[in-house]
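Below is one structure, written out as structure tokens, with a few remarks after it.
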Amino acid sequence: MSQGFSHSQDALRQLAQDVLDHAAGIGATACEVDVSEGFGQSVTVRKQAVETIEYNRDKGLGVTIYVGQRRGYASSSDFSAAAVRATVDAALSIARFTAEDDCAGLPDAALLAKTPMDLDLFHPWHISIEEAIETARRCEQAAFDVSPLVKNSEGASISAQQSQFISANSLGFMDGFATSRHYVSASVIAGEGDEMQRDDWYVTKRDAGEFPAPEAIGAYAARRALSRLGGRKLGTRKCPVIFEATLAAGLIGNFTHAISGGALYRKTSFLVDSLGKQIFPDFVQIEEQPHLRGALASSPFDDDGVATRDRVLVKDGVVEGYLLSTYSARKLGMQTTGNAGGAHNMLIKSGKHDLKGLLKEMGTGLLVTELLGQGVNYVNGDYSRGAAGYWVEKGEIAYPVEEITIAGNLKDMFKNISAIGNDVLVRGSKQVGSILVSRMTVAGN
């Protein structure tokens, strides 16, 4: 046992091998297995009092059995020999009763990851509960110190998490590694009476040594909340809209969803048959770089065990590649792109302006800093979300706005991107700056 884990990597490997051996012994034609464990702690402080302290420790075993083209899956959190065998038996039983699927099965052996790769993804944060509480208090207090108008808080939180896993299949693939993910967050409320606004800020890192000072996170959350006081409504109009970097990642996430295999083969995407077609302006370049050291979405292989590689997804505005798993690729008559489980570090090429520069380029329009609701129809691309942010005149923020809706169609929105900022923010698998869309409908009064 090392770094606080209950099992060594060798023990997880042996567990995976036991699954493969038992599956072969009871008549499975193929098998894949994932074994994982994780643990961590988090604390939340609200108005300087400890609100929650949570410890988590979990483990899991997932087994997929193939009997020809029939597939069965079972899972367990019990690693005892009897429970492992029972899980494999259950997966086999399910497989025997499911319908045949000509796309089911393991990946082509030639595509599997062959060489272990250290991507620097594991940095355990050895912070005691007492230290975490003190750090959260400093973060929250810094928010209160910004202004007497910051009167309330939804809390400041500190979380430290680490996990490890082994994936294996009956074609000889077996690999895995340990990862860490930690965050510091603050959510505060400014104003009083009917005039109150909340906002938040958080930072997620694999290495806690890369966090900014907790005071900086709390103070920034406070300034964001304060800047929203005095919010007005807008009359309905068409105008340019800037999606702040935090929300630009979500806009790119809409594109990611639309070029994902599951949506494509089910024909529930507005970008069906978009390969080779221009859907963005020609300055838009999007790459996937799975092997960035220390990045939040890095991995040497996908959930199928297929080796990942650097790819161009959009070149000069043209869709160059989809995001496909082994299964979805077969459904589409294509080859897997190593994206079972999702995208790995999507980098969107930045333009020349920071956010201030984008505001000046926009001139008059809307800067959106918060979106509400789920109003995205992926079948036809229609987009309608509740929003809040700031009205901008002559390149300067004029006043905050609230209780508005922004609407359009994602195809038009992608086509009408007129600039991408260099204020790049890393949120999960996306690395992108603020995005200026030249024309959308803003509905208000």
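The values are calculated or read from the model by the stated rules, or taken from the named source; none is laboratory data. Everything quoted here is computed from the prediction, not taken from an experiment. Here Cβ is always computed from backbone atoms with ideal geometry, including for glycine, and neighbour counts include all displayed protein chains. In case anyone asks, the SASA skips ligands and DNA or RNA and just uses the protein heavy atoms, side chains included. Shrake-Rupley method; radii C 1.70, N 1.55, O 1.52, S 1.80 Å.
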Qualifying positions in region 378-403 - of a type in the set (F, W, Y), within 16 Å of F243 (Cβ to Cβ) and in contact with a Phe, Trp or Tyr (Cβ under 6 Å, 6 or more places away or on another chain): W391
Of the residues in region 129-179, those that are among the hydrophobic types (A, V, I, L, M, F, W, C), in a strand (DSSP E or B) and more than 26 Å from T52 (Cα to Cα) come to F165, I166, A168, M174, A178
Test each condition in (1) open to solvent by 30 Å² or more (accessible area, probe 1.4 Å); (2) polar (S, T, N, Q); (3) within 19 Å of the chain's Cα centre (by Cα) for T268 and report the one that comes out false. (3)
Which residues, counting only those in region 92-122, are of a type in the set (G, A, S) and touching a residue at least 60 places away in the same chain (Cβ under 8 Å)? A95, A104, G105, A109, A113
When you scan region 274-317, how many residues do you find that are surrounded by 17 or more Cβ atoms within 10 Å (Cβ to Cβ), under 21 Å from Y378 (Cβ atoms) and either without any contact (Cβ under 8 Å) to a residue 60 or more places away in the chain or basic (K, R) (or both)? 5
In region 288-345, anything acidic (D, E) and either under 16 Å from S429 (Cα atoms) or in contact with a helix residue (DSSP H, G or I) (Cβ under 7 Å, 6 or more places away or on another chain) (or both) is listed as E288, D302, D303, D304, D310
Residue under evaluation E403, criteria (1) farther than 15 Å from K233 by Cα; (2) at pLDDT below 95; (3) in contact with a Gly (Cβ under 9 Å, 6 or more places away or on another chain), criterion not met: (1)
Of all residues making up region 109-128, the number that are more than 30 Å from V188 (Cβ to Cβ) and in a loop (DSSP other than H, G, I, E, B): 10
Check region 212-225 and report whether any residue there is modelled with pLDDT under 95 and open to solvent by 40 Å² or more (accessible area, probe 1.4 Å). no
Taking region 141-192 as the search range and keeping residues that are of a type in the set (S, T, Y), closer than 30 Å to I65 by Cα and open to solvent by 20 Å² or more (accessible area, probe 1.4 Å), which one is farthest from the chain's Cα centre (by Cα)? S170
When residues of region 434-445 are filtered for being assigned to a loop (DSSP other than H, G, I, E, B) and over 28 Å from V203 (Cα atoms), how many remain? 2
